[in-house]
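Working notes, structure below.
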């Protein structure tokens, strides 16, 4: 039984169209025309309990809109959502009791209260039994080293400290699902790594299902087993990260520094994707031609100074998917 | 219920953070009250009683109403809601298993209890001692006065809450706030003068508006202007406004929430 099922989910927004010029302005005041924006457009996926999924897409692709519908604060235009047997927007309160949400861009802690006071407020809001609260607080304080700043007002915390507190705040009531909207935004390398490790550990030890939206593909690569890519409201990839690499990572890149700028370069089974002075970039499919064959061709015809082979990074793969779509 | 009480307690504690602001407010209030007291003293030279108010009673009225006015400029509910809507923070509130209106009221009650204890009470006692003001005629009257203050407070809260909810539809609500709170409420709440001093047509308008229930009713109960049947009527009017405004606030909030979940943040 999946913990989350999304079927034919769509969310359309009406955006008022403003006409320009005097008459345009006048007619806009009298009758407004609007465009329909399909923020989420016929999306389908399901998640099993304990999965750790990266949900990625460019700005405006529909990530946050999906998360808002899953958390129950946005009503879908059409389609069906089932989260733990509930329809989130119909059973908003019951749903909120069983999920945790973290927004990288804003905190759910009380700005001018000490961290521990925010936790206590949450204890009452979620009606967490005292022993469970104590147990969880100890667990997370130790894991995220919160002790030194538990009595500091939230406004005086660094971004990294605040994020650690926000993660704790979202998990104190033992939610079954944790939604994270860009949790590593603005963090330094060390803090990012801390957050990633924490997510892996929480997922493994507590069986919390995690959905993570991010722009940092290192998050996805290091944390998630599964990746969903959304673009212009539609899902364009849903599968394992390794599978993605296998499918799109077949193309390797050979970067060659030639001894001189040859005017005409002819090679078999290889695409010349870019050239810059004496340096050329050659893309080839590793299933049809091996690197040594390419190099052999090259050395037979041209004089080479240096060369390097690069495997495609997930970042590069996703960038290409954004740019040219699934291929 | 306990979770809302926690909000009250935390808000009370939080207010301690802004000590400087509190001292400034207190200082300015006291200056204003002094000006009003001396103004009325000057107006009463050569007179013994106007509309049933002798000098002692009018001074008591002015000091009590001025003290109650403190709630109006320390509440800030409209501003808080407007900010939450503007920054999108309201979404984090809605993602918690909690009632937004009750949570806002509980928080306001915490802040205002602090104000009552550390700003209003000392201020009042100072003027009470220096100018030899009167107390309510009996312990029952003290009790009824406090009930009336609380009802008036909930009315003020509800008005501010409703204005704040407008922020879901319009970007700029400071104009509306100024019009209602600094315009209508100031004019019709009876804080400048007792309602008895109002020209008939203004008194008639005041009678159909909720504002006199915020300051005039409790103050008139304190000074003994409202007794017997009129006192009971005043309390009933307050109760009616509480029910109507809390109910309307709830409807407004529901509509705002519906707009939010359909049109997005």
Residues of segment A:220-255 that turn out to be in contact with a helix residue (DSSP H, G or I) (Cβ under 6 Å, 6 or more places away or on another chain) and in a helix (DSSP H, G or I), as a count
4
From the options A:199, A:212, residue that is more than 14 Å from chain B (Cβ to nearest Cβ), in a helix (DSSP H, G or I) and crowded, with 19+ Cβ neighbours inside 10 Å
A:199
Inspect segment B:21-32 for any residue being under 15 Å from the mean Cα position of the chain (by Cα), surrounded by fewer than 17 Cβ atoms within 10 Å (Cβ to Cβ) and within 14 Å of chain A (Cβ to nearest Cβ) and give the result as yes or no.
no
Does residue B:45 fit the bill of being exposed (fewer than 14 other Cβ atoms within 10 Å of the Cβ) and more than 14 Å from every other protein chain (Cβ to nearest Cβ)?
yes
Quickly run through segment A:112-153 and pick out the residues that are touching a residue at least 12 places away in the same chain (Cβ under 8 Å), surrounded by fewer than 13 Cβ atoms within 10 Å (Cβ to Cβ) and touching a helix residue (DSSP H, G or I) at 6+ places or on another chain (Cβ under 7 Å).
A:151
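Which count do you get for residues in segment B:188-202 that are under 17 Å from residue B:69 (Cα atoms) and either touching a residue at least 24 places away in the same chain (Cβ under 8 Å) or touching a strand residue (DSSP E or B) at 6+ places or on another chain (Cβ under 8 Å) (or both)? Before you say what the answer is, go through the steps one by one.
As a first pass, look at segment B:188-202 and keep what is under 17 Å from residue B:69 (Cα atoms): B:188-195.
Next, only the ones that are either touching a residue at least 24 places away in the same chain (Cβ under 8 Å) or touching a strand residue (DSSP E or B) at 6+ places or on another chain (Cβ under 8 Å) (or both) stay: B:188-191, B:194-195.
Counting residues in segment B:188-202 that are under 17 Å from residue B:69 (Cα atoms) and either touching a residue at least 24 places away in the same chain (Cβ under 8 Å) or touching a strand residue (DSSP E or B) at 6+ places or on another chain (Cβ under 8 Å) (or both) gives 6.
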Any idea how many residues of segment B:221-236 are in contact with a helix residue (DSSP H, G or I) (Cβ under 8 Å, 6 or more places away or on another chain) and without any contact (Cβ under 8 Å) to a residue 40 or more places away in the chain?
1
Hey, does segment B:242-251 have a residue that's over 16 Å from residue B:156 (Cα atoms), more than 18 Å from the chain's Cα centre (by Cα) and not in a helix (DSSP H, G or I)?
no
Lone unmet requirement of (1) modelled with pLDDT under 80; (2) in contact with a strand residue (DSSP E or B) (Cβ under 8 Å, 6 or more places away or on another chain) for residue A:323:
(2)
The condition of being crowded, with 17+ Cβ neighbours inside 10 Å and at negative phi holds, among A:220, A:190, only for A:220
Read through the list (1) more than 14 Å from chain B (Cβ to nearest Cβ); (2) modelled with pLDDT of 95 or more, then give the number of the only condition that residue A:191 fails.
(2)
List, please: which pairs have Cβ atoms under 7 Å, are six or more places apart or on different chains, and start with a residue in segment B:96-114 that is within 14 Å of another protein chain (Cβ to nearest Cβ) and free of Cβ contacts under 8 Å to residues at least 12 places away in the same chain and end with one that is assigned to a helix (DSSP H, G or I) and buried (at least 19 other Cβ atoms within 10 Å of the Cβ)?
B:96/A:96; B:96/A:125; B:97/A:96; B:97/A:125
Residue check for residue B:258: buried (at least 16 other Cβ atoms within 10 Å of the Cβ) and under 30 Å from residue A:74 (Cα atoms):
no
Any idea which of B:85, B:63 is part of a helix (DSSP H, G or I), within 14 Å of chain A (Cβ to nearest Cβ) and touching a residue at least 40 places away in the same chain (Cβ under 8 Å)?
B:85
Selection from segment A:226-262 of residues in contact (Cβ under 8 Å) with a residue 24 or more places away in the chain and exposed (fewer than 13 other Cβ atoms within 10 Å of the Cβ) yields A:259, A:260
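Per-residue answers, yes or no, for (1) in contact (Cβ under 8 Å) with a residue 40 or more places away in the chain; (2) part of a helix (DSSP H, G or I); (3) more than 14 Å from chain A (Cβ to nearest Cβ):
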{"position": "B:176", "(1), (2), (3)": "no, yes, yes"}
{"position": "B:182", "(1), (2), (3)": "no, yes, yes"}
{"position": "B:238", "(1), (2), (3)": "yes, yes, yes"}
{"position": "B:254", "(1), (2), (3)": "no, yes, no"}
Residues satisfying the stated conditions in segment A:78-104, i.e. in contact (Cβ under 8 Å) with a residue 40 or more places away in the chain and either in contact with a helix residue (DSSP H, G or I) (Cβ under 9 Å, 6 or more places away or on another chain) or on the phi > 0 side of the Ramachandran plot (or both)
A:79, A:81, A:83, A:84, A:99, A:100, A:101, A:102, A:103, A:104
With the checklist (1) in a loop (DSSP other than H, G, I, E, B); (2) surrounded by fewer than 15 Cβ atoms within 10 Å (Cβ to Cβ) in hand, flag the one item residue A:265 doesn't pass.
(2)
Criterion first (away from every other protein chain (no Cβ under 13 Å), in contact with a strand residue (DSSP E or B) (Cβ under 9 Å, 6 or more places away or on another chain), crowded, with 21+ Cβ neighbours inside 10 Å and not in a helix (DSSP H, G or I)) does residue A:183 satisfy it?
yes
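The values are calculated or read from the model by the stated rules, or taken from the named source; none is laboratory data. Model, not experiment: these values are computed from the prediction. Note: ideal-geometry Cβ built from the backbone for every residue, glycine included; neighbour counts use all protein chains shown.
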